[in-house]
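To start, the structure under review is shown below, and the notes come after it.
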Amino acid sequence: MKKKFLKLFTSVAMLALVFCLHQNVRAEDIAQPTEKDVYIHHDDGEDYVANRYERAIVVDRVVYQYLPEKDSYRIVAFDDNDEEFPEGITFKPRSEVRGKPVTGIYIDGEEDGPSYLTRLNLVLPDSVKDIEISGASFGSITLPKFLTVTPGGIFESDFEQIIIPEGTTNVRGINDIWKLRKMELPSSTKKIGKYFLRNSSDLRTVYIPEGVTEIGAEAFSGCPKLEIYIPASVKKIGRNAFKKTDQYGQVKK
């Protein structure tokens with residue numbers, strides 16, 4: 001009887017110890033990268049370094065940078081230092097790294113050099129709210145759900161496809177996009193902001209769904225190859241929208 005009691009007591013004690021250790025690990029903050037954790041992108045071994053990111057961590061070849069002031073991460077690069085990415089590779093960055101949310105993306109292809117001349121397909125997590133992309137070259141980019149891109153958020157880049165998910169009501173902040181031939185807006189769209197897809201010179205077709213009520217100033221301007229059909233729901237078109245566009249369809253009756 002004493003042996004059984006001792007065995008039971010030992011088992012309970014071990015379980016209690018494991019539980020306490022687990023609670024202590026959960027209670028402690030997971031260490032985040034420091035200034036000494038530096039990712040250098042495309043060091044050619046001479047005097048030129050394309051870019052360097054402090055407080056960086058690489059997970060599945062995606063480079064995340066920790067922002068102490070926001071207590072979150074942003075996507076800053078894709079790690080192809082060791083080898084080039086295969087054609088058509090798809091990246092789906094994480095929504096959380098080391099217990100902290102991934103809330104932004106900052107890509108400057110002009111600074112980061114040849115990395116973004118490959119055809120990557122990027123699917124952003126819904127946790128991303130701040131987008132700054134320029135000089136990049138992706139086969140496709142899928143934006144987060146319900147995101148409103150701030151003006152100038154995505155510009156001067158090569159995208160063959162931009163996917164805006166259903167649920168988005170206000171599209172804006174994307175302009176000077178090359179190699180984009182077709183753009184389909186979600187049926188939830190209500191407003192097209194000013195400058196949207198301005199100077200996207202390869203654009204030929206845009207699907208504007210019924211329900212859109214406003215098209216902002218200079219939207220689709222500088223798109224000489226574009227032919228577009230405007231639904232009857234559109235009541236307001238801003239100044240110089242479609243300027244330098246060869247033609248666009250009549251309002252649907």
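Can you name every residue in the range 60-79 that is under 16 Å from A31 (Cα atoms), surrounded by 13 or more Cβ atoms within 10 Å (Cβ to Cβ) and not polar (S, T, N, Q)?
The first filter runs over the range 60-79 and keeps only residues under 16 Å from A31 (Cα atoms), leaving 64-73.
After this cut, where a residue has to be surrounded by 13 or more Cβ atoms within 10 Å (Cβ to Cβ) as well, the list is 64-67, 70, 72-73.
Those that are under 16 Å from A31 (Cα atoms), surrounded by 13 or more Cβ atoms within 10 Å (Cβ to Cβ) and not polar (S, T, N, Q): Y64, Y66, L67, K70, Y73.
Exactly one condition in (1) at pLDDT 90 or above; (2) closer than 26 Å to S137 by Cα is false for K244; which is it?
Checking K244 against (1) at pLDDT 90 or above; (2) closer than 26 Å to S137 by Cα, the one that fails is (1).
Looking only at the range 201-244, filter to residues that are hydroxyl-bearing (S, T, Y) and part of a loop (DSSP other than H, G, I, E, B); which one of those is farthest from D158 (Cα to Cα)?
So the first thing to find is which residues in the range 201-244 are hydroxyl-bearing (S, T, Y), and the list is 201, 205, 207, 213, 221, 229, 233.
Among the residues that remain, those that are also part of a loop (DSSP other than H, G, I, E, B) are: 201, 213, 221, 229, 233.
Working: S201: 11, T213: 29, S221: 18, Y229: 24, S233: 31 Å.
If we take residues in the range 201-244 being hydroxyl-bearing (S, T, Y) and part of a loop (DSSP other than H, G, I, E, B), then S233 is farthest from D158 (Cα to Cα).
Can you name the residue in the range 80-89 that is at negative phi and not aromatic (F, W, Y) and is also surrounded by the fewest Cβ atoms within 10 Å (Cβ to Cβ) among such residues?
Here is the first cut: in the range 80-89, the ones at negative phi are 80-87, 89.
Then drop every residue that is not not aromatic (F, W, Y), which leaves 80-84, 86-87, 89.
Values: D80: 18, N81: 16, D82: 6, E83: 8, E84: 12, P86: 9, E87: 9, I89: 16.
This residue is D82.
Which residues, taken from the range 160-179, are aliphatic (A, V, I, L, M) and over 17 Å from the mean Cα position of the chain (by Cα)?
none
The values are calculated or read from the model by the stated rules, or taken from the named source; none is laboratory data. From a predicted model like this one, the values you see are computed outputs, not experimental measurements. Positions of Cβ are backbone-derived with ideal geometry, glycine not excepted, and every protein chain shown enters the neighbour counts.
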